Amino acid sequence: MTLHLDTLRRLYGLSPDDGVRALVRGARSFAQSHTPLAISAAAAAGVPMGSGSRDELHRAHLRAAGYAELFDAMADAADIRTIKGPSLAAYYPESVVRPVGDLDVIAASEADLWAAARVVCARRDVDTIDLSLIPHADQKHVQLGLLWPTDDPMLERDHNIEIGTLPYAGDFGTVPAIPELPSDPRLADLLALAEERFQRPYSPKDILDVRFLLERTELDPVVTARLIAGHRRAPELVELLELARPHASAPELTGLLEALREPAAHERALRENTPITRSDPQPVDVRERLDEGLPVYGMALRPDPPQDRSGWRAARHEVVDGSHLLCTPIGDYLLVGEATVSHESYSAAMAALTRIEG
């Protein structure tokens with residue numbers, strides 16, 4: 001199995017006559033992390049590499065190896081699984097580098113999430129920790145993004161490990177969240193690819209992901225379609241498979257696509273006839289958003305809590321004088337429902353933290 005340069009040219013909207021420099025530029029203009037994919041495919045096709053190309057591939061391998069090292073360390077301390085990145089990369093031809101951006105980790109519980117986060121913070125100079133709370137059923141799920149700069153921050157985006165307790169959040173409208181990962185990692189990855197569509201349009205990487213996954217595994221299309229439909233992600237996966245079909249000849253892909261068409265049509269009709277009872281426009285008040293099943297976001301107030309929290313296994317949500325504070329094992333946050341926080345709200349939150357400690 002290989003990845004032909006003509007396939008990449010089509011994926012990046014290039015002409016068949018475009019050379020490898022145009023291909024690399026096309027991949028880079030789409031996303032910085034896609035550059036090693038184009039370079040490695042060209043090298044596998046016999047195109048000579050210079051020092052710059054070799055360095056880009058080397059940095060991509062270092063990034064993947066660093067994530068693998070951190071995942072192993074986190075797994076020693078917490079019950080976690082990874083989806084997408086490393087598992088999908090295993091299906092790619094050995095000579096091709098799958099784009100490496102973030103590492104997505106799912107923790108079995110909130111206690112496992114904080115244990116895993118502590119490992120990353122102890123081993124890397126994390127300078128930003130993004131936080132969200134996502135309500136589902138009677139639980140508030142935590143999502144963290146731990147970021148730190150690369151060795152060449154002018155050329156590369158930050159390292160980022162996403163750790164969450166909710167595998168699939170849905171669209172916060174008509175498509176519900178999925179609170180548990182499937183035991184079959186192939187199904188978990190297919191659902192993760194479908195979930196991406198709620199965040200952004202599909203990319204060439206997604207198309208290659210689903211192509212190689214289906215070419216390298218033996219999935220019963222009828223059984224798989226039934227499971228996907230049960231999780232209500234059939235329309236998203238049909239869209240991806242339609243995009244992938246011109247670039248793949250795998251009968252597994254065509255078989256799954258055909259098996260999903262009827263469930264996808266049923267799901268689209270269900271969504272069209274499902275009333276959305278949430279406020280329009282969406283509320284910005286934290287309590288109202290949580291009550292309506294919408295996420296809220298954490299503005300970091302201080303990364304180093306003044307007291308020892310090594311024994312904490314969960315965050316604590318405190319409401320003080322109207323400020324929604326989330327005190328966590330690794331820092332304190334002001335929960336907000338909008339992108340902009342006023343200076344008055346920030347000052348009130350810091351004062352509220354002082355009262356909590358007193």
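The values are calculated or read from the model by the stated rules, or taken from the named source; none is laboratory data. These figures come from a predicted structure and were not determined experimentally. Cβ atoms come from the backbone with ideal geometry, glycine included; neighbour counts cover every protein chain shown. The area values use the complete protein model at the heavy-atom level, side chains included, leaving out ligands, DNA and RNA. Shrake-Rupley method; radii C 1.70, N 1.55, O 1.52, S 1.80 Å.
Pairs under 6 Å by beta carbon, first residue within 12 Å of residue 145 (Cβ to Cβ) in segment 100-114, partner open to solvent by 40 Å² or more (accessible area, probe 1.4 Å), six or more apart or different chains?
Note: pairs meeting the criteria are 102/162; 104/162.
For segment 45-86, how many residues are closer than 10 Å to residue 97 by Cβ and among the hydrophobic types (A, V, I, L, M, F, W, C)?
Result for segment 45-86: 3.
Given the criteria out of contact with any strand residue (DSSP E or B) (no Cβ under 9 Å at 6 or more places or on another chain), in contact (Cβ under 8 Å) with a residue 24 or more places away in the chain and buried (at least 20 other Cβ atoms within 10 Å of the Cβ), does residue 67 qualify? Working first, answer last.
Working: out of contact with any strand residue (DSSP E or B) (no Cβ under 9 Å at 6 or more places or on another chain): no; in contact (Cβ under 8 Å) with a residue 24 or more places away in the chain: yes; buried (at least 20 other Cβ atoms within 10 Å of the Cβ): yes.
Here the answer is no, as residue 67 does not meet what is asked.
Please find, within segment 295-312, the residue that is surrounded by the most Cβ atoms within 10 Å (Cβ to Cβ) out of those that are outside any strand (DSSP E or B) and either modelled with pLDDT of 95 or more or acidic (Asp, Glu) (or both). Before you say what the answer is, go through the steps one by one.
If we filter segment 295-312 for residues that are outside any strand (DSSP E or B), which is where we start, we get 295, 303-312.
Adding the requirement that they be either modelled with pLDDT of 95 or more or acidic (Asp, Glu) (or both) leaves 295, 304, 308.
On the way: 295: 17, 304: 7, 308: 7.
Checking each candidate, the answer is 295.
Just need a number here: residues in segment 145-181 that are part of a loop (DSSP other than H, G, I, E, B) and either within 29 Å of residue 278 (Cα to Cα) or under 16 Å from the mean Cα position of the chain (by Cα) (or both).
At the first step, the residues of segment 145-181 found to be part of a loop (DSSP other than H, G, I, E, B) are 149-158, 165-167, 169-177, 179-181.
The next check asks that each one be either within 29 Å of residue 278 (Cα to Cα) or under 16 Å from the mean Cα position of the chain (by Cα) (or both); those that pass are 157-158, 165-167, 169-177, 179-181.
Of the residues in segment 145-181, 17 are part of a loop (DSSP other than H, G, I, E, B) and either within 29 Å of residue 278 (Cα to Cα) or under 16 Å from the mean Cα position of the chain (by Cα) (or both).
Looking at (1) of a type outside the set (Lys, Arg); (2) farther than 26 Å from residue 100 by Cβ; (3) modelled with pLDDT of 95 or more; (4) open to solvent by 50 Å² or more (accessible area, probe 1.4 Å), find the lone condition where residue 218 falls short.
(3)
Report yes if some residue within segment 318-338 is in a strand (DSSP E or B), of a type outside the set (Phe, Trp, Tyr), touching a strand residue (DSSP E or B) at 6+ places or on another chain (Cβ under 6 Å) and open to solvent by 60 Å² or more (accessible area, probe 1.4 Å); otherwise report no.
yes
Only one of (1) in a loop (DSSP other than H, G, I, E, B); (2) within 21 Å of residue 300 (Cα to Cα) is not met by residue 121, so which one is it?
(1)
Among the candidates 141, 159, which residue alone is crowded, with 18+ Cβ neighbours inside 10 Å and over 30 Å from residue 227 (Cα atoms)? Steps first, please.
Values: 141 fails: over 30 Å from residue 227 (Cα atoms).
After ruling out the rest, the residue left standing is 159.
Would you confirm whether or not segment 37-52 contains a residue that is within 24 Å of the chain's Cα centre (by Cα), within 25 Å of residue 190 (Cα to Cα) and open to solvent by 30 Å² or more (accessible area, probe 1.4 Å)?
no
For residues that are open to solvent by 20 Å² or more (accessible area, probe 1.4 Å), in contact with a strand residue (DSSP E or B) (Cβ under 7 Å, 6 or more places away or on another chain) and in a helix (DSSP H, G or I), tally how many sit in segment 85-118.
Total satisfying the criteria: 2.
Residues being under 25 Å from the mean Cα position of the chain (by Cα) and among the small types (Gly, Ala, Ser): count how many of those fall in segment 316-347.
Count: 3.
In segment 227-261, what residues are without any contact (Cβ under 8 Å) to a residue 12 or more places away in the chain and in a helix (DSSP H, G or I)?
Filtering segment 227-261 for residues without any contact (Cβ under 8 Å) to a residue 12 or more places away in the chain gives 230, 249, 251, 254.
Of everything in segment 227-261, those that are without any contact (Cβ under 8 Å) to a residue 12 or more places away in the chain and in a helix (DSSP H, G or I) turn out to be 230, 251, 254.
Would you pick out the residues in segment 124-139 that are part of a strand (DSSP E or B) and either within 19 Å of residue 196 (Cβ to Cβ) or out of contact with any helix residue (DSSP H, G or I) (no Cβ under 8 Å at 6 or more places or on another chain) (or both)? Explain how you work it out, then say what you get.
So in segment 124-139, the residues part of a strand (DSSP E or B) come out as 128-136, 139.
Selection gives 128, 130, 131, 132, 134, 136, 139.
Within segment 14-36, take every residue that is part of a helix (DSSP H, G or I) and open to solvent by 70 Å² or more (accessible area, probe 1.4 Å) and give me the one that is farthest from residue 101 (Cα to Cα). Before you say what the answer is, go through the steps one by one.
Taking segment 14-36 as the starting set, the residues that turn out to be part of a helix (DSSP H, G or I) are 20-30, 32-36.
The next check asks that each one be open to solvent by 70 Å² or more (accessible area, probe 1.4 Å); those that pass are 21, 25, 28-30.
Working: 21: 22, 25: 18, 28: 13, 29: 15, 30: 13 Å.
Looking at the filtered set, the residue picked out is 21.
Assess whether residue 226 counts as being over 30 Å from residue 334 (Cα atoms) and either open to solvent by 80 Å² or more (accessible area, probe 1.4 Å) or of a type in the set (Lys, Arg) (or both). Before the answer, list the steps.
Working: over 30 Å from residue 334 (Cα atoms): yes; either open to solvent by 80 Å² or more (accessible area, probe 1.4 Å) or of a type in the set (Lys, Arg) (or both): yes.
Yes; evaluated as a whole, the condition is true for this residue.
Is there any pair linking a residue in segment 343-354 that is in a helix (DSSP H, G or I) to one that is among the β-branched types (Val, Ile, Thr) and open to solvent by 50 Å² or more (accessible area, probe 1.4 Å), with Cβ under 9 Å and at least six apart or on different chains, and which?
Pairs found: 352/319.
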